[in-house]
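Remarks on the structure that follows.
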Amino acid sequence: MKTGSDGAPRYPTRDELRHDEAELAAAILEGAAHRPQQSIGTYYEGLHASCALGAAYEGMYRIPAQAEGVQPRELWRLFDCLENTLRRCPEGCRKRISLAAMILHLNDDHQWTRERIAAWVAPEPPPAPAS
């Protein structure tokens, strides 16, 4: 939660959330580069696998090579979009949940790749029309 100039809590603006989404997508890709295999149902598996949120955490923090049992802590503090954005499942489920929960849903239930999740979290803007 952001705070205003008066110190009162406020929700982030849409532009702040978009910026967070772009940074989150970059963190997912950075972490995925550290562990080339995808983990389903757990944040980390063995030395070479992570889920999308595990990859985001590793994209922001240095974690041990043997990370089984490590759970990302307070990732929402770095990315307001994780808890302050609701998303619908792009696979057609009726789910409408926080971005953090949706990332886990896409990773575990639909087995999207971390790269696909990152692209969905922060899609490239459409090209400007040629004049």
Exercise for the section: Note the full-extension length gain between E115 and R73 as 0.36 nm times their separation in residues minus their Cα-Cα distance, in nm to one decimal. Expected result: 12.9 nm
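Report the trypsin sites (Lys or Arg not before Pro) located in the range 1-75 that are in a DSSP loop and have at most 10 other Cβ atoms inside 10 Å of their Cβ, or state none.
Here the trypsin sites (Lys or Arg not before Pro) that fit, given the DSSP loop and packing criteria, are R62, R73.
With r as the distance between the Cβ atoms of H34 and L86 and R0 = 30 Å, compute the FRET efficiency 1/(1 + (r/R0)^6) and round to 0.05.
Details: r = 29 Å, r/R0 = 0.98.
That gives a FRET efficiency of 0.55.
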Practice task
Just the isolated ones, please: cysteines in the chain lacking another cysteine beta carbon under 4.7 angstrom.
Solution key: C51, C81
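Counting only DSSP beta bridges with both residues in the chain, tell me the antiparallel percent, nearest 5.
Counting DSSP beta bridges with both partners in the chain, the antiparallel share is about 80 percent.
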Exercise for the section: Could you tell me which of A67, L104, S50 has its Cα farthest along the dipole of the chain towards the positive end, charges placed at Cβ (Lys, Arg +1; Asp, Glu -1), taken about the Cα centre? Expected result: L104
Fill in the blank from the handout: Taking Lys and Arg as +1 and Asp and Glu as -1, residues besides E21 with C-beta under 13 Å from its C-beta add up to -4
Exercise for the section: On a 0 to 90° scale, report how tilted helix 14-34 is relative to the longest principal axis of the chain, with both axes built from alpha carbons and the result rounded to the nearest 10. Expected result: 20
Completion exercise
Relative contact order in percent for the range 21-95 (Cα pairs under 8 Å, 6+ apart) equals 28
Practice task
Would you grab the residues whose amide H sits under 5 Å from the one on S39? Only those 5+ places off in sequence or on another chain, please, with H modelled 1.01 Å from N.
Solution key: S50, C51
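Any idea what the relative contact order of the chain is, in percent, if you count C-alpha pairs under 8 Å spaced at least 6 apart?
Numbers: 198 pairs, mean separation 32.8, N = 131.
Relative contact order here is 25 percent.
Quick note: the coordinates plus some simple rules give every number you see, no bench work behind them. This one's a predicted model, so the numbers in the text were calculated from it and none came from an experiment. Note that each Cβ is placed from the backbone with ideal geometry, even for glycine, and that neighbours are counted across all protein chains shown.
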